[in-house]
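Okay, so here's the structure we're looking at.
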Amino acid sequence: MPHLSGLWKSLSVVKLFRNMLEWCLPKDMDLEGVEFKAIASGSHRVTTDFIYFRKGCYFGLACFANMAVESTVERGARMKSVGILSPSYTLLYRYMSFLEHQVRLQLQSPGHYSPLEAFYEDKRALLPPSGDGVVTACPANAWGAAINHSMHPEMKITHPAGCMSQFIRFFGEQIMVLWKLALLRRRILIFSPPPVGVVCYRVYCCCCLANISIPGVGVAVPEFRPFFYVNVADISALENELSYVACTTEKIFEEKKDLYDVYVDNQNVKTYREGLKPLLRLSTADREKYRKLTEQRQMLLYSQEENGDCVSSEEDLFILFFLEQNNRIFQTLSEVAGSPDPTLTQESVRAMGLDPHGDRLFLLHLLEIYGYDTLLVSEQLCCS
């Protein structure tokens, strides 16, 4: 599997066969357990899929394919996966078409590794010999008041509408619940049966909900880390995580309530933590924000259809919408904290785009997590 990122480490390529590591470059790469990440549990039910995952300090992308064969040894089906590793997931999408093509070739001509070897040699020639892999989500310093197309993480869109529009349509108003939980750096686990590729995109979209670009804000809180696909082999790693978002095809995770704060099963967002249950209810401000998001999206689609606007995208709109909302909250908090009377009133809460009553608990969690200990809360906010 290759290491391809802005840090440009050495490259490695892996091919898998039915949860057995069949071939890899470089040969000395520690790939223990990767065979259970690159082929998701339950993949035998689908013909093709792609999987984003974490392996130590690296991110991986693997493309899976399943082909019927007349072979008793293979029990009528040949299933393989070809993948790459990188210190950052933001560049992996560039190699998806190559991986999809290679896994088809491996199904048709098993053991033919020369294209993979050539890929390894070609990419290795472009990479410096050293560099430390650093796991990052959507770094705050890569976001400005306006979206720069070359800076924000790009993901290959495998459906015409794009992963962001799918995310909006799939969760509807529940996006606002996920937004609050992401901003509070909760541990979010998304369950779905295969195919898992589109669910990996939901992990990515959840990460985009929590971006903040105000310098100094959020540096002391746990990073909201994307794990993408996880299985039972990741349990020990998840036990030590303070904040993450991940997806799984293994239903047994629902019983591991100490591993997550929020469990998402299709559109059903639930928690077993009493202190978080009120946050699952939409406030008046949540519905208003969702209405504005939907309205902006419809205006963009109209502009694209009528004027041929190819510059703006739904991805930009989605990311910028929540980035501006988050900045608005923390800009207001910073201004109130620096004022002679550091008291949050109904007016200041409305200035954040929040509901003074319906969002009171969310706001109290926010103050605690982000260290606004000196702020006082007006008695006006004590009752809903």
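The values are calculated or read from the model by the stated rules, or taken from the named source; none is laboratory data. Model, not experiment: these values are computed from the prediction. With ideal geometry, Cβ positions are generated from the backbone for all residues, glycine too; neighbour counts draw on all protein chains shown. The accessibility values were calculated without ligands, DNA or RNA, using every heavy atom of the protein model including side chains. Shrake-Rupley method; radii C 1.70, N 1.55, O 1.52, S 1.80 Å.
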With every protein chain left in place and a probe of 1.4 Å, what is the accessible surface of Glu241, to the nearest 10 Å²? 30 Å²
Just the number, please: Stokes-Einstein D of the stretch 12-125 in µm²/s, Kirkwood Rh from C-alpha pairs, 25 °C, 0.890 mPa s. 174 µm²/s
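Give me the compactness ratio for the stretch 153-327, meaning the Cα radius of gyration over 2.2 N^0.38 Å.
1.05
Quick one: accessible area per residue over the stretch 153-327, 1.4 Å probe, rounded to a whole number of Å²?
Working: 7070 Å² over 175 residues.
Normalised by residue count, the accessible surface of the stretch 153-327 is 40 Å².
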By a straight-distance test (C-alpha under 15 Å), which aspartates and glutamates pair with Lys277 as possible cross-link partners, with residues fewer than eight away in the same chain excluded? Asp261, Asp359
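Just list whichever of Lys37/Lys256; Lys55/Lys123; Lys251/Lys289 have alpha carbons separated by over 30 Å in the model shown. Walk me through the intermediate numbers first.
On the way: Lys37/Lys256 19 Å; Lys55/Lys123 20 Å; Lys251/Lys289 33 Å.
Beyond 30 Å between Cα atoms: Lys251/Lys289.
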Debye, to nearest 20: dipole size of the stretch 153-327, +1 on Lys, Arg Cβ, -1 on Asp, Glu Cβ: 540 debye
When the accessible area of the stretch 153-327 is computed with all protein chains present and a 1.4 Å probe, what percentage of it is carbon and sulfur? 51 percent
